[in-house]
C-alpha cells in the first residue's frame, strides 16, 4: 500500500481548532444555562415574596374585620397607627365561650414585619396593660414573622368627612373615628409598593 492510498488523519492544527470551537460552544452554553438558572431563582423569590404579602394582607383583613367597637372596651382606643406599626383591639369568638378581646400588633423592625397578639381576655384592666405594652418599643408577646426584606410600612387612616389622614397625626377635636386603614408595604429591591385598603369592622 503506497502513501497516497493511506487514510488521511487530522492534523494538530485541525484538532486545536476543533477543540477551541467546542470550548467556545461549551462556554456559551454554560452562560445561557447560568442565566436561565438565575432568572428562575429570581422568579421563585418574587413568587415567594408575593405569596407572603398575600398572606400578610389576608391576616390584616381578618383582624380589621373583627376590630372591637369602642363601647365594648369601655370607650378605650381600639386603633393606633404610626409609621411602621399598626395596633388594634379585635374581638375573639370561640364556640361555647363568651366573646373576648385581644390586642394585635403589626410591627416593622430591621426589615422584618411581624405580628403579635395578647391573650384573649374579658378583663379591661388586663386589656389596658396589653395595650400599653403593645404601644411600647418592645414586644412582650411572641411575634410571628410575616415578611422579611420590607423596607417601609406606611399607613393612612380614612376618617369620615375628613378624608385620608397620615398615621401618627393627632385627630382634631370632635373628629369621627376612622373607618378604614390603608397599608402600603415597600419591599427592598422591588419596584413599586403593595397597597391595600381595609374597612374597619366590616363584619
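Laboratory data are not the source of any read-out in this text; all were calculated from the coordinates shown. This structure is a prediction, so every number in the text was calculated from the model and none was measured. As a convention, Cβ positions derive from the backbone with ideal geometry for all residues, glycine included, and neighbour counts pool all protein chains shown.
Most fluctuating residue of 54, 97, 128 in a GNM of the chain with Cα springs under 10 Å: which is it?
Answer for the Gaussian network model of the chain: 97.
Taking the alpha-carbon set of the chain, what are its Rg and Dmax in Å?
29.8, 115
Determine, for 197, 78, the number of other Cβ atoms within 10 Å of each Cβ, and report the residues in order from fewest to most.
197, 78
Specify the inter-centroid distance of the stretch 106-131 and the stretch 66-103, based on alpha-carbon positions, in whole Å.
Taking the Cα centre of the stretch 66-103 as reference, the centre of the stretch 106-131 is 10 Å away.
Would you mind ranking 10, 198 so that the residue whose beta carbon has the fewest other beta carbons within 10 Å leads the list?
Listed from fewest to most nearby Cβ atoms, that is 10, 198.
Can you sort 158, 164 from fewest to most other Cβ atoms within 10 Å of each residue's own Cβ?
Fewest to most other Cβ atoms nearby, the residues stand as 164, 158.
Considering the zone a paramagnetic label at residue 152 would reach in this model (a point 7 Å from Cα along the Cα-to-Cβ line), which residues of the stretch 55-92 have amide N under 19 Å from it?
81-86
Given labels modelled 7 Å from the Cα in the Cβ direction, how far is it in nm from residue 94 to residue 144?
Each label point lies 7 Å from its Cα, and together they span 1.5 nm.
Taking only DSSP H segments of four or more residues, each worth -39500 (n - 2.57), what value at 222 nm results for the chain once the sum is divided by all its residues, to the nearest 500 deg cm²/dmol?
So the helix-based figure for the chain works out to -12000 deg cm²/dmol.
Given an 8 Å cut-off on Cα distances and at least 6 residues of separation, report the relative contact order of the chain as a percent.
So the answer I get is 17 percent.
How far is helix 124-135 tilted off the main Cα axis of the chain, in degrees rounded to 10, range 0 to 90?
40
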